[in-house]
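Reading through the structure tokens given below for one structure.
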Amino acid sequence: MEQVEQQDSASVERRVGKRHSAVLLLGKVCGDAPGVCLVHNISATGLMARFVNVPRVGESLSIEVRGLPPVRGTVRWVQGAKAGIEFDSLQPYEQIFLHEDDEGSVPRAPRFAVTLAADVRLGDRKLTARMIDISAGGAKLEVEGEVVAGQAGHIIVRPQGVSIFGTICWTHEGRFGFRFVSPLPIDTLASIVERR
């Protein structure tokens, strides 16, 4: 159920510190039933995002974005599908813009654990696989049969029948990474995550 809290623009726009607009980061709403959001702007004290499952004013939640661990906060306002979250503590939000962290690793978008059947089509070959996790840009799958890094094809996620084109980017002991040609729309990703 969607709750809309109307506030005057002065109170909605009240912020502390520098805020980056139009970052458009995928966010993972953590919890027993993970959700998906699209972060439009972020600062050390909070963020504004568009939610598939809109939270309520006063609700406490935890959101993960690339470069940051899950961050706890409180919903301060809701307008349509957008909501403003005030973090419980200051966050080093600049990390979301880094190409590498302090350990030399590339920060990546949050991944959603799933257990879904998928068909893998590589040229004229069709394999049955199990999807282990997914993000907007790729997925990890487990398959019986040989696949080779660099092969292009598509996967069909069951039971939705969502077809996603991409390339195998790595293989290891029956598992492989599949990088999508283009990022999944937030609603498509949410529909897959909800079926987990």
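In this structure, does Ile63 turn out to be assigned to a strand (DSSP E or B), free of Cβ contacts under 8 Å to residues at least 40 places away in the same chain and over 25 Å from Ser182 (Cα atoms)? Here the answer is no, as Ile63 does not meet what is asked. Evaluate segment 172-190: report whether one residue or more is in a strand (DSSP E or B), of a type in the set (A, V, I, L, M) and buried (at least 16 other Cβ atoms within 10 Å of the Cβ). The answer is no, given that none of the residues of segment 172-190 is in a strand (DSSP E or B), of a type in the set (A, V, I, L, M) and buried (at least 16 other Cβ atoms within 10 Å of the Cβ).
Hey, among Val120, Val193, which residue is part of a helix (DSSP H, G or I), crowded, with 17+ Cβ neighbours inside 10 Å and touching a residue at least 12 places away in the same chain (Cβ under 8 Å)? Every option except Val193 fails the conditions.
Read the figures in this text as sums done on the coordinates, not as results from a lab. The shown structure was predicted, so the numbers you read here are calculated from the model rather than taken from an experiment. Neighbour counts are summed over all protein chains in view; Cβ atoms, including those assigned to glycine, are modelled from backbone coordinates with ideal geometry.
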